[in-house]
Structures are given as C-alpha cells and as structure tokens.
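A quick write-up on the structure given underneath.
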Amino acid sequence: MAKNLSINLLPVEYAQVYAADERFRKIQRIGISILVLLIFLSSTTFALSLLQNSNILQAQAKLQVEESAINKFKPQEESVILLKDRLNSLQKLSTAPSQSSAMYSLVDALMSASISPTLIVTDTSGNLSLSLATTNSSEIDNFIASLTNPQKNQNLVSKVDVESLSRGKDGLYRVNLKIFSK
C-alpha cells in the first residue's frame, strides 16, 4: 500500500506564521461578513421605518380629511337631534290630555255670554289667570260660584283666588282671577 508522504522542508516558524496568517484572514472574513450583514440589516430597518413613517403620515392625512368631512355634518346633526327632541315633546303634548285645554274648555262652558274675557294666561301646570269684564256683578258671582262648585267644575279646580275686583266709571266690573287646577 502506498502511503502519501509529505515532506515539509520549510522551517517550523514559517508554518506557524502561515497558520497565524490563515487564522487572521479567516477572522477578517468573518468580521467583514458580520459587518456587511449588520449594514444590510440596519439599512433594511431604516428603509422599513421610512416606509412605516410614510404610511403613518398618509393615514393621518386621511384621518384629518375624514374628520373634517364629519365635522361639516356636526351642525346638521345637532339640528336634527334638536328637532327630533322637539318633535318628541310635541308628540307627547299632543297625545297626552292637556290640563290647560281642559281648563279652557271648563271656563268657556261656565262663562256666560255677558262676561268678556280680556286676558287668559296659562302656566305649565294648567293654572289659569283670567281678566274679565262685565256690566253685571251677579254674572261674576255666578261664574266664581260655578268654578268653586265641584259638581260644575268637573273636579278640575282646586282653588279660585280673586286677585282684584273693581268697577270703573264706565260701569264695567273688572275682575282678575287666578284658577288653580288639581
């Protein structure tokens, strides 16, 4: 069998220097490879961050455009909500029996033709303030008696206050009444 023989005629120092040079070149190649890889990764990261920043700026611009489009409709939306609330209130008022209308109907039914109303004011609870004028004081007396009679006032009136009663030079009796509803 033939064995390969190798004869090294170089001194050992040259072989050590050559081995050290090979190790240095190997370490140098690995270092350069690592540096190239780091440069590649950092440039890729930088490019991706620029791309992401660009996407974020575009998204913010779109968001501002959409916000301005939505903000244009806010006054209209507020008006619609206000109108809707008013319509709901009007619907509730129109469907619910009104204390004020019942009081008006009662006063109209109990008041004789000789009594002239000069002012009728109502508040939210259905109370009425009346200013009346007539030439006959007994008509005012009968009207107040009818208002205070539970059988005639349909149980709507709790109290009647005479705020003022006067007779003018023209012979007219003027009376101001405050009628409180139940």
Out of the residues in the range 119-155 meeting the condition of being touching a residue at least 24 places away in the same chain (Cβ under 8 Å) and in a strand (DSSP E or B), tell me which one is nearest to SER181 (Cα to Cα).
LEU128
Filter result (farther than 16 Å from ILE120 by Cβ and not in a loop (DSSP other than H, G, I, E, B)) within the range 165-182:
LEU165, SER166, ARG167, TYR173
Suppose the filter is under 52 Å from the mean Cα position of the chain (by Cα) and either surrounded by 10 or more Cβ atoms within 10 Å (Cβ to Cβ) or in the same structural domain as SER137 (by TED's automatic domain parsing) (or both); does SER100 pass it?
yes
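The values are calculated or read from the model by the stated rules, or taken from the named source; none is laboratory data. Given the structure is predicted, the values throughout are model-derived calculations rather than measurements. Don't worry about glycine lacking a Cβ; one is built from the backbone with ideal geometry, like all the others, and counts go over all protein chains shown.
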